[in-house]
Amino acid sequence: PGAPRCGTSLHELNKALRIELHANASCTWQIQRNVNQTIRLIFSYFKFAPSSSCETESIKVFDGPSADSPLLGQVCNNTDAVPVLESSSGSLTFLITTNSVDFTRNFFVFYYFFSPESKPVNCGGQLTGPNGTFSSPNYPAPYPAFTYCVWHIQTPKNSKINLQFQDFFLELDRNCQLDFTAVYNGLTTTTGLIGKVCGRAQPTFESSSNAMTVVLATDSSSSYRGFSAQYSSVPLPGPVEPDTFLTCSSDSMKIVLSKSYLASLGYNEAHLQLIDPSCRPVITDLVTFSFPVTSCGTIKKEEGHSITYTNIISLSATGNIITRQKNTEIIAKCKMENNSTLEVFYVTRNNVIQNITAMGRYNVSMAFYSSDSFSEPVHQSPYYVDLNQTLFAQVSLQSADPNLLVFVDTCTASPQPDFGSPTYDLIRSGCHKDDTVVTYPPLKHHGRFKFNAFRFLRSFPSVYLQCDVAICDSNNSNSRCTKGCISRQKRAISPHTWKTNTAVGPIRLKRDLRSAEHSESLTKADAEETPSLQQYNFYSFALVVLISKVLIVVAVILKHHKHQAGYSYQKIQSS
């Protein structure tokens with residue numbers, strides 16, 4: 001691998017760069033190619049000048065063709081992760097600047113173009129419970145080239161995780177720059193790196209909390225059999241008790257503390273406060289702070305592809321002038337990321353951070369409405385409609401934060417509840433794929449669209465519609481919610497997006513509802529104009545709201561023509 005010493009334009013589908021820079025450098029690399037794919041950029045090794053700061057020396061990555069594009073991320077001397085950044089289109093730029101210190105900086109970075117939907121089988125996922133196993137894709141056969149898999153592990157509260165690799169064989173190089181596995185404390189890959197490993201080994205790792213993240217990243221040079229791993233939970237010693245926890249929702253934060261835990265920190269529960277000193281806890285057997293995310297001095301911050309809400313518990317002033325207690329703060333942080341709410345609760349005490357993490361979700365729902373005024377939701381289940389009838393759908397976010405927009409990014413229809421073949425796109429990356437679709441401008445807490453009812457061929461009785469939505473800060477004029485149609489997307493879900501995993505059902509189809517009335521109407525009204533329609537005996541088209549990853553289920557009930565066949569999508573215009 002190689003690259004010019006100080007920046008260049010890159011157009012290959014994939015490339016590895018070994019970069020060496022000295023003092024006072026400012027070098028820009030631009031990656032661009034006219035393909036309908038996005039870019040994954042991995043800084044698998046970086047060595048800045050010792051003691052350098054982000055202000056004087058860094059790598060800045062921009063989501064577009066120049067340094068004027070939106071900032072995607074920054075890598076500095078204190079970055080506690082293996083940075084992996086992904087573009088939202090077919091171009092990406094990174095800028096490396098160095099300070100005046102006489103020192104040789106070294107970087108190894110590789111990139112490749114990829115399609116978000118081409119993820120290998122058994123590549124990443126959510127692992128819960130006290131113990132479990134997982135392995136690399138294709139194991140024990142060689143893993144695929146350009147693989148990027150992320151496993152999030154979460155065990156019961158008040159435990160830590162022991163991770164053991166029984167078999168481990170990745171490509172070996174000195175700094176694990178090519179193929180590697182990275183292990184993190186917590187449920188994020190942006191900080192908390194425990195270790196990075198490659199080659200042949202049987203490594204073990206231990207987290208400091210009940211959450212751990214494991215990453216597998218590979219290039220294209222060599223592939224080996226990968227790994228097989230198992231994890232188990234270990235009771236967590238120390239002052240953190242089961243009655244001490246943090247929960248987050250779209251609306252509020254709730255911090256519950258046991259009195260014995262507070263005593264171990266030297267805290268008197270009667271003197272606790274949040275950033276806003278007027279916010280005090282309710283004290284019973286436990287000490288509880290419960291407050292909206294927009295109150296009590298909560299700090300809201302947009303960080304790359306997430307939005308965080310942070311508050312701090314501290315001792316209130318009691319009239320003392322001096323103290324000999326060490327400064328201790330309890331920091332509660334709710335981080336809203338791709339498919340979950342990541343709740344981080346930690347205590348800074350003598351420079352030691354203790355973590356408690358949990359998973360939650362945004363409160364998002366979806367429903368049909370009777371008209372474009374979106375004032376009367378449809379409560380009928382199943383919801384019966386006619387072919388080609390205009391249907392009005394609204395995604396609603398329940399949140400106390402008034403500055404959030406909801407944007408309908410992608411909606412895909414399928415006759416199967418697991419979204420197996422065939423499928424049909426109504427909306428993809430904000431672009432209308434069906435000529436009857438109309439989307440409304442993003443609103444605070446609401447995303448709206450309409451389309452005409454249709455059916456699949458070959459007697460499929462149901463149509464399921466799955467929608468991915470983006471939730472963005474309305475104060476960010478460059479967020480996904482403001483960009484509308486994007487022909488090339490970063491991933492199946494765009495930045496600042498959350499998906500629910502709740503469902504209602506089951507679906508029960510009433511096949512004979514309105515069939516006689518509808519058939520008779522077609523026979524009389526359309527006998528001369530559309531004689532071919534006389535052969536059809538239509539039942540009604542039924543929709544039932546089903547939320548699964550903001551999921552709605554559309555059930556089509558109609559009597560199939562006796563000679564009808566095929567899997568292709570058919571739209572039938574009413575006369």
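The values are calculated or read from the model by the stated rules, or taken from the named source; none is laboratory data. The structure presented is a predicted model; accordingly, all values stated were derived computationally and were not measured. FYI the Cβ positions are ideal-geometry reconstructions off the backbone, even for glycines, and counts take in every protein chain you see. Just so you know, the surface numbers come from the protein's heavy atoms only, side chains and all, with ligands and any DNA or RNA stripped out. Shrake-Rupley method; radii C 1.70, N 1.55, O 1.52, S 1.80 Å.
Filter Lys254/Lys301; Lys47/Lys300; Lys160/Lys335 down to the pairs with a C-alpha to C-alpha distance above 30 Å, please.
Lys47/Lys300
Ignoring any ligand, DNA or RNA, what whole percent of the accessible area of region 9-114 comes from carbon and sulfur when the probe is 1.4 angstrom?
44 percent
Given R₀ = 41 Å, FRET efficiency for Thr133-Tyr440 by Cβ-Cβ distance, to 0.05?
0.35
With every protein chain present, what accessible area does Leu443 have (1.4 Å probe, heavy atoms only), rounded to the nearest 10 Å²?
70 Å²
Quick one: what are the phi-derived ³J(HN,Hα) couplings along region 282-287, Karplus 6.51/-1.76/1.60 with θ = phi - 60°, whole Hz, x for glycine and proline?
Along region 282-287, the couplings run 8, 10, 10, 5, 10, 10 Hz.
I want to check the label-to-label distance for Ile312 and Glu376. Put each point 7 Å from Cα in the C-beta direction and report it in nm to one decimal.
5.3 nm
Taking the highest mean first, how do the peptides 175-188, 467-480 order by number of other beta carbon atoms within 10 angstrom per residue?
Most protected by this proxy first, the peptides run 175-188, 467-480.
Of Ile330, Ile312, Ile283, which has the most accessible area and how do the rest follow, probe 1.4 Å?
Ile283, Ile312, Ile330
To the nearest 10 square angstrom, what accessible area does Ser278 show with a 1.4 Å probe?
For Ser278, solvent-accessible area is about 90 Å².
With a cut-off of 14 Å, note down the residues of region 89-112 whose backbone N falls inside the zone around a label point 7 Å from the Cα of Ser26 toward its beta carbon.
Under 14 Å, as judged by backbone N against the label point of Ser26, lie 95-100 of region 89-112.
Rank these by accessible area, largest first, 1.4 Å probe: Thr104, Thr412.
Thr104, Thr412
Identify the residues of region 71-108 with backbone N under 13 Å of a label point that sits 7 angstrom from the Cα of Thr56 along the Cα-to-Cβ direction, or state none.
77, 98-103
If you count only protein heavy atoms and use a 1.4 Å probe, how large is the accessible surface of Arg40, to the nearest 10 Å²?
For Arg40, the solvent-accessible surface is approximately 20 Å².
Using only the heavy atoms of the protein chains and a 1.4 Å probe, how would Glu12, Glu55 rank by accessible area, largest first?
The ordering from most to least exposed comes out as Glu55, Glu12.
Roughly speaking, what is the stretch gain from Val35 to Ser477, that is 0.36 nm per residue apart minus the C-alpha to C-alpha distance, in nm to one decimal?
Length gained, Val35 through Ser477: 156.4 nm.
What distance in nm separates the two pseudo spin-label positions at Lys433 and Thr8, each 7 Å out from Cα along the beta-carbon direction?
Label-label distance for Lys433 and Thr8, simple model: 3.8 nm.
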